[in-house]
Amino acid sequence: MIKIGVIISGRGSNLQAIIDAVELGKIPAQVAVVISNNPKAYGLEWAKKHNIPTKVYEPKKFPDKNTYELEIVKTLRAHQVDLVCLAGYMRIVGEPLLQQYFGKMINIHPALLPSFPGLHSQKQALDYGAKVSGVTVHFVDEGCDTGPIILQTAVPVMQDDTEETLSARILEQEHKLYPEAIKLFAEGKLKIEGRKVKIL
Ligand code: GRF
């Protein structure tokens, strides 16, 4: 059974999906700690309801990004975390986290990468006129949504979609895909080979 650390910034619906999958025994894992950079993140309440330890680290309270991230690394290590899941974490990961967790840190993105990286991916897809968008779970590297891809699901873009309706259709798939990817990692079935992730 592996230990997961989840890092959030807001709503935390992916965190909820992960906790649900763990509690239903779908993933051989335990959520050991939830960390947020935002004290108001709703996901923190959800974690507390499930008796999961939480920590808040506000970047502005640290002299620089390195010191901030080192504190996060310290907490993850204290909880003996094997896998870090970014779930709506709104900051680019820096050197301390990457050094400690490259190959053990994954993220979920609401588009089919490499299309529409960064913020507001659903709006980007709509504005571009894409007919298909989707969800990507990938390992985190030093870029913005550029790491090796683990799993993807395609989601159709409808003609009358708004950012809200498309986001909702994509989110439904996010909640299925993230636990699936975590399960593969927990079972030791993911192997990174350069840009590619082999599923064993
Ligand atoms: C999700 O759409 C996720 O793909 C993106 O940020 C959003 C977070 O939602 N990275 P939530 O906090 O998990 O509800």
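The values are calculated or read from the model by the stated rules, or taken from the named source; none is laboratory data. Values in this document were obtained by computation on a predicted structure and should not be read as measured data. Backbone-built Cβ (ideal geometry, glycine too); neighbour counts: all protein chains shown. In case anyone asks, the SASA skips ligands and DNA or RNA and just uses the protein heavy atoms, side chains included. Shrake-Rupley method; radii C 1.70, N 1.55, O 1.52, S 1.80 Å.
Tabulated values for the structure
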| quantity | calculated |
| --- | --- |
| Residues of the chain: accessible area per residue with a 1.4 Å probe, Å² | 50 Å² |
| Isotropic mean projected area of the C-alpha convex hull, the chain (nm²) | 10.9 nm² |
| Leading residue at positive end of dipole, the chain (Cβ point charges), from Pro148, Tyr101, Ala168 | Tyr101 |
| Extension reserve of the Leu200-Glu142 stretch, reckoned as 0.36 nm per residue once the Cα distance is removed | 18.4 nm |
| Within the chain, percent of DSSP bridges classed antiparallel, to nearest 5 | 45 percent |
| Rounded percent of accessible protein surface that carbon and sulfur make up, the chain, 1.4 Å probe | 53 percent |
| Potential extension, Gln159-Arg11 segment - 0.36 nm per residue separation minus Cα distance | 50.5 nm |
| Using a Förster distance of 25 Å, the FRET efficiency for Leu98-Ala78 (Cβ separation, nearest 0.05) | 0.85 |
| Net lengthening on full extension, Glu172/Glu58 (0.36 nm per residue, minus Cα-Cα) | 38.1 nm |
| 5 Å-binned pair-distance histogram of the range 82-200 (Cα, whole percent) | 2, 12, 23, 23, 19, 12, 7, 3, 0 |
| Residue-averaged 222 nm ellipticity for the chain, from DSSP H runs of 4+ at -39500 (n - 2.57), nearest 500 | -11000 deg cm²/dmol |
| Net dipole in debye of the range 10-86 [+1 Lys, Arg Cβ; -1 Asp, Glu Cβ; about Cα centre; nearest 20] | 180 debye |
